[in-house]
Amino acid sequence: MSTFENLNLSKLLQNAIAELGFDTPTPIQEEAFPVILSGKDIVGIAQTGTGKTLAYMLPILQDLKFSKQINPRVLVLVPTRELVLQVVEMAESFARYTSIRVLGVYGGVNISTQKQKVAQGTDILVATPGRLYDLALSGSLQLKGVNKLVIDEVDVMLDLGFRFQLANIFELLPARRQNIMFSATMTDEVAALIDDDFVTPAKISIALSGTPLDNIEQQCYDVPNFYTKVNLLSHLVFNRNEFRKVLVFVSNKNSADRLFTAFQEKHSSETGIIHSNKTQNYRFKAIKDFDEGKNRILIATDIIARGLDLDKVTHVINFDTPSFPENYIHRIGRTGRAEQQGKSILFYTEKEEEAKDRIEALMSYQIPLLDFPGEVEISSQKTPEERAITGDTKNPFRNEKKIVLAPGFHEKKAKNMKTNQGGSYKKDLALKYKKPKTKGDKTFKGRDKKR
Ligand code: ADP
Ligand code: MG
């Protein structure tokens, strides 16, 4: 069996690992380590909750020598502010032993405090793209010293909403640098972009893009409408012994607020809410209260679907069905982390059935359907959207930013996203990686390794 010793970690890092209580590296940690140390560009795909943060952090820390340099040498880009905090926390649990400096910067809070911190100098800078760019433009931050760039959740980061911001940032980075990219899912477009823009990155896939973990049990209910979903949810979480920590995903702020209001009647003292219209302090507090068990239930939009490592979430409820199937994979990945058991329950209406089909196609798995409990009341109350029969869910990461597109460049409608479902990417992967001569031919290795 592989151990951390096989990685020849420095003594300091070994101690830090022991302190964290980890015995063995996860497959992605083991396989990414030598590749990252070798200095090659790399794309790593592994399921959510399998330790991708350490997979890039360990070799980076191993390589980073003590320095008094003010400008950062390692830049880690992540899509959300919450994720900045977590990556910083993980890096710090090692940095403490190594005199390496780590700093996180993100939007939604005062920039001058961050300018001061940047001025004090750091080795590793973890950031959301918008705030990073603002800091760089203001002259407070110099990026010419960055020789390693990590892009976590790379598929969403290189997608439309972030692409232009990233292109601006790339201009400020030295051309000679190592690019390190990770995600649990990958779309065709992003895979193509990576192939075009980065120097033939080594690809490491522990599982095919979009493969959920075996330790997450999935189920679904066919539910007629929004308010019946509220009744069903309320009925389910009534079972406190089983539903100990419940993360409820809703695809937009309005529905989240509406659900929160409806839920207040019965569960006001144990329910929190988080979405992008809340202040940053409110957002951090909502996560903290939930993570620490103060609130048993958290209603959230997809802003926290990516990357966030919450302690022992027992259930992820998909209150609605994401129209981008990758979002489902990321949502349910908030449970079943670090080999724990987790449960995911999807509610879908007739209108959402197509989206559910796309999810099942991406996973090559049919989500078991449960009988609708007889004791749950079917509501005839309608939301404004149900009355109007319009409105689709959207990917908060993908198309949030208003971008003026060149003539003839049209964004795809969700229903036309067929090329982007991971299916053909999977086929590509299969083709690419089955060839033994391909560099980093690790796709199928480890798939059957029971971890
Ligand atoms: P991912 O980015 O793949 O979704 P994370 O890096 O957030 O996963 O890690 C998920 C969880 O697994 C974290 O709680 C982390 O502390 C834990 N973890 C990471 N590496 C190991 C390991 N080698 N052994 C045990 N637990 C680990
Ligand atoms: Mg991650």
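The values are calculated or read from the model by the stated rules, or taken from the named source; none is laboratory data. Please read all numbers here as calculations on a predicted model, not as lab measurements. Ideal geometry is used to build each Cβ from the backbone, glycine not excepted, and the neighbour counts take in all protein chains shown. For accessibility, only protein heavy atoms count, side chains too; no ligands or nucleic acids. Shrake-Rupley method; radii C 1.70, N 1.55, O 1.52, S 1.80 Å.
List of remarks:
- Selection of the range 315-360 for residues being in a helix (DSSP H, G or I), farther than 22 Å from Glu386 by Cβ, open to solvent by 20 Å² or more (accessible area, probe 1.4 Å) and in contact (Cβ under 8 Å) with a residue 60 or more places away in the chain yields Arg337, Ala338, Glu339.
- Matching residues, the range 199-208, being open to solvent by 10 Å² or more (accessible area, probe 1.4 Å) and under 18 Å from the mean Cα position of the chain (by Cα): Ile206, Leu208
- Residue ranges of strands (runs of 3 or more DSSP E) in the range 136-215 with at least 1 members at pLDDT below 95: 178-183, 202-205
- Cβ pairs under 9 Å, 6+ apart, first in the range 131-152 and among the charged types (D, E, K, R), second surrounded by fewer than 19 Cβ atoms within 10 Å (Cβ to Cβ) and assigned to a helix (DSSP H, G or I): Arg131/Ile111; Asp134/Ile111; Lys144/Leu172; Lys148/Asp63
- Residues that are among the aliphatic types (A, V, I, L, M), surrounded by fewer than 16 Cβ atoms within 10 Å (Cβ to Cβ) and farther than 20 Å from Tyr133 by Cβ, drawn from the range 160-198: Ala192
- Failed item, numbered, when Phe22 is tested on (1) crowded, with 16+ Cβ neighbours inside 10 Å; (2) within 11 Å of ligand 1 (Cβ to nearest atom); (3) without any contact (Cβ under 8 Å) to a residue 60 or more places away in the chain: (1)
- Inspection of the range 92-101 finds a residue satisfying the criterion of being outside the structural domain of Ile303 (by TED's automatic domain parsing), within 21 Å of the chain's Cα centre (by Cα) and away from ligand 1 (no atom under 12 Å from the Cβ).
- Pair list, Cβ < 6 Å and 6+ apart or interchain, from the range 57-74 residues that are free of Cβ contacts under 8 Å to residues at least 40 places away in the same chain to residues that are open to solvent by less than 20 Å² (accessible area, probe 1.4 Å): Met57/Ala91; Pro59/Phe33; Pro59/Ile36
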